[in-house]
Amino acid sequence: MHPRALITGLAGQDGSYLAELLLDKGYEVHGIVRRTSIEDTEHKLKNLHAILDKIHMHVASLDNVLSLVRIIRNISPDECYHLAASSFVSYSFEDEISILGNNVNSTHYLLAALREFAPSCKFYFSGSSEMFGNAINSPQDENTPFNPRSIYGISKVAGFQLVKNYRQQYGFFACSGILYNHESQRRGYEFVTRKIVSSAVRIKFGLQEAVELGNLEARRDWGYAPDYVNAMWLMMHADSPDDYVIASGETHSVKEFAEAAFAHLDLDFNKYAKINLDLFRPTENIVLRGNPSKAMSMLKWKPTKSFDDIIKEMVEGEIKLYEPGRKTSDLLTPGDSK
Ligand code: GDR
């Protein structure tokens, strides 16, 4: 019997890499997608094109507990990976009521439905470094107190506590990854790394003149998305459920990322950079740097790509999108995300 996995957020960067990993391991992979994605598979499911005929997609909305109950009863998953969330930190400053509600409720509905209809299903939740917010120490590890400074961070703390509660109260195999930023060619254009890489390539090809960015001095602990997805699977196969920080352990500034991305194209970032004060965030966290020692020793997890390798892969992947014969659906121009 193939193990059966249910993924929320299937069509996103992490969901699509996770689906590929689980298929490789012989899983039957099910995922929840929105109705609008099924209606526009070319754009909204572009990360899944290579595996569309191998996965089972279920249309549901995570704010509708009944639709989740139906799916869970039907497929009776062995493992559930809850990756879906409104994950763009900046939007959470603008739309806090719905982002807090959706992120917390979806986690709660899933846990409650699993408890009722698939109580032996293992559960994974994607937490975030944003939960540490204005952290009191650096680097942060699993013992660092949470001090979130965005509604997104608050919603992730609430989800994390729900998961912990189900583990402690009901004996669920439920674990959370506290994930720092993780990037790849499949990153959405609203995030700064993809915005920089796609702008750099467009500038190289004469399609764009400059790139407008916010705070260039902001620093992040950036890792490689497929490595972080691998950590999720390792957590679900540890002897006992627990929570783990997944991070690279080093930080770089937005400017360093941009300089490296432009340099891969023989361009000088400083000639094309424009600072837009509107793209600064209302509260910018102190520098967050994760300490992944626990995951490295308990799960034998380790990152496979360096900061420079990640940038190189993203730049090379972006150039490929412009090769003749590629679908234009792969190309969206970055908006003014912050
Ligand atoms: P982040 O990622 O908020 O850390 O959340 P993002 O790439 O959006 O921002 C990183 C940093 O870059 C600065 N910045 C800009 N950001 C964007 N998006 N656009 C700009 O033009 C720009 N200029 C500067 C930001 O201020 C910020 O400091 C990501 C998400 O994946 C979350 O879901 C996840 O939980 C965390 O990482 C860990």
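Computed from the coordinates by the stated procedures, all read-outs in this text should not be read as laboratory data. Keep in mind that what you see is a predicted model, and the values were worked out from it rather than measured. Ideal geometry is used to build each Cβ from the backbone, glycine not excepted, and the neighbour counts take in all protein chains shown.
So the values come out like this:
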read-out	value
Cross-link reach list, lysines versus Lys255, counting only Cα pairs under 28 Å and skipping chain neighbours closer than eight places	Lys156, Lys195, Lys204, Lys271, Lys274, Lys302, Lys305, Lys312, Lys320, Lys338
Quarter of the Cα convex hull surface for the range 241-331, i.e. its orientation-mean projected area (nm²)	9.6 nm²
Backbone N under 19 Å from the Gln168 label point (7 Å along Cα→Cβ), restricted to the range 220-245	240-245
Average Cα contact separation per residue, the range 131-182, under 8 Å, 6 or more apart, as relative contact order %	26 percent
Fewest-first sequence of Lys46, Lys271, Lys195 by Cβ atoms within 10 Å of each Cβ	Lys271, Lys46, Lys195
Burial order of peptide ranges 162-171, 75-84, 99-108 (average beta-carbon count within 10 Å, highest first)	75-84, 99-108, 162-171
Long-range amide H partners of Gln140 with built H, under 5 Å	Arg289, Gly290, Asn291
Global form of the range 1-86, assessed from the alpha-carbon gyration tensor, a/c cut-off 1.5	oblate
Extension gain from Glu142 to Asn276, taking 0.36 nm per residue of separation minus the Cα-Cα distance	44.7 nm
Long-range amide H partners of Gly133 with built H, under 5 Å	Asn147, Arg149
Nearest-0.05 FRET efficiency for Leu66 and Ser240, computed from C-beta distance (R0 30 Å)	0.40
Under Karplus coefficients 6.51, -1.76 and 1.60, residue-wise ³J(HN,Hα) of the range 38-47 in Hz, glycine/proline x	5, 7, 9, 4, 4, 8, 6, 10, 5, 6
Debye, to nearest 20: dipole size of the chain, +1 on Lys, Arg Cβ, -1 on Asp, Glu Cβ	500 debye
Amide H contacts of Lys122 (H built 1.01 Å from N, under 5 Å, at least 5 apart or other chain)	Glu79, Cys80
Histogram of C-alpha separations across the chain, 10 Å bin width, %	5, 26, 35, 25, 8, 1
The chain, relative contact order [Cα under 8 Å, separation at least 6], %	18 percent
Per-residue HN-Hα couplings for the range 16-24 [Karplus 6.51, -1.76, 1.60; θ = phi - 60°; Hz; x = Gly/Pro]	6, 5, 5, 4, 5, 4, 5, 4, 4
Over the range 152-309, relative contact order from alpha-carbon pairs under 8 Å, at least 6 apart, %	29 percent
Charge dipole of the chain about the Cα centre (unit charges at C-beta), most positive-ward option of Tyr322, Ile246, Leu23	Leu23
Residue-wise HN-Hα coupling along the range 169-175, computed from phi with Karplus coefficients 6.51, -1.76, 1.60 (Hz; x: Gly, Pro)	7, 10, x, 5, 7, 10, 9
Charge tally in the Cβ shell below 9 Å around Tyr244, where Lys, Arg are +1 and Asp, Glu are -1, Tyr244 excluded	-2
